[in-house]
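Novice: Take this structure, written in structure tokens, and hold onto it; I'll ask about it next.
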Amino acid sequence: MDAHNSICPLCHRPFNHGATRCQGCLNRIVYGATPQELAEAWRSGMTVGALGGIFVTGLIPQLLNDLFGWAIPIGLGLGFGSLILVLVIGVMSGYYARWAKAEAMRDRIRVFDQP
Ligand SMILES: [Zn+2]
């Protein structure tokens with residue numbers, strides 16, 4: 001196993017995989033996505049999912065009704081349940097976005113010049 005498998009991009013000193021601080025510049029080494037990046041992905045995914053849910057349960061029935069004279073109830077006839085559906089779609093989308101961010105950043109090793 002390679003003892004020095006990464007180089008600090010800030011001070012160019014090698015560090016062992018798993019180290020949490022560079023021994024050269026003492027900056028923080030981060031493996032994969034940061035908690036802030038995951039939280040941001042979660043918020044974005046949740047927002048997009050909830051807007052998509054509102055679109056599907058509220059705007060599309062209205063559009064189809066207007067275009068074709070149909071009578072699809074707003075909220076797909078679920079009443080209050082349509083709000084729960086919007087929430088569920090939002091949460092699923094948030095989980096997916098968070099997972100996708102974690103996967104995308106999985107093999108990234110970064111050094112942040114902050115404590
Ligand atoms: Zn360093």
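Novice: Mind checking which residues of segment 90-115 are part of a helix (DSSP H, G or I) and among the aliphatic types (A, V, I, L, M)?
Specialist: If the condition is that a residue be part of a helix (DSSP H, G or I) and among the aliphatic types (A, V, I, L, M), then Val91, Met92, Ala97, Ala100, Ala102, Ala104 are the ones that fit.
Novice: Which of (1) touching a Gly at 6+ places or on another chain (Cβ under 6 Å); (2) surrounded by fewer than 13 Cβ atoms within 10 Å (Cβ to Cβ) is the odd one out, the single condition Thr20 does not satisfy?
Specialist: (1)
Novice: Working only within segment 1-33, note down all residues that are in a loop (DSSP other than H, G, I, E, B), in contact (Cβ under 8 Å) with a residue 60 or more places away in the chain and either of a type in the set (D, E, K, R) or within 27 Å of Ala97 (Cβ to Cβ) (or both).
Specialist: Once the filter is applied, which keeps residues that are in a loop (DSSP other than H, G, I, E, B), in contact (Cβ under 8 Å) with a residue 60 or more places away in the chain and either of a type in the set (D, E, K, R) or within 27 Å of Ala97 (Cβ to Cβ) (or both), segment 1-33 yields Gly32, Ala33.
Novice: Of all residues in segment 89-115, how many are buried (at least 16 other Cβ atoms within 10 Å of the Cβ) and among the small types (Gly, Ala, Ser)?
Specialist: 4
Novice: Going through Gly58, Gly94, Gly79 one at a time, which residue ends up being modelled with pLDDT of 95 or more and either on the phi > 0 side of the Ramachandran plot or not β-branched (Val, Ile, Thr) (or both)?
Specialist: Working: Gly58 fails: modelled with pLDDT of 95 or more; Gly79 fails: modelled with pLDDT of 95 or more.
Selected residue: Gly94, the only one of Gly58, Gly94, Gly79 that is modelled with pLDDT of 95 or more and either on the phi > 0 side of the Ramachandran plot or not β-branched (Val, Ile, Thr) (or both).
Novice: Collect the residues in segment 41-87 that are without any contact (Cβ under 8 Å) to a residue 24 or more places away in the chain and closer than 30 Å to Met105 by Cβ, keeping them in residue-number order.
Specialist: Step one: filter segment 41-87 for residues without any contact (Cβ under 8 Å) to a residue 24 or more places away in the chain, giving 51, 55, 59-81, 83-84.
Selection gives Leu51, Phe55.
The values are calculated or read from the model by the stated rules, or taken from the named source; none is laboratory data. This structure is a prediction, so every number in the text was calculated from the model and none was measured. As a convention, Cβ positions derive from the backbone with ideal geometry for all residues, glycine included, and neighbour counts pool all protein chains shown.
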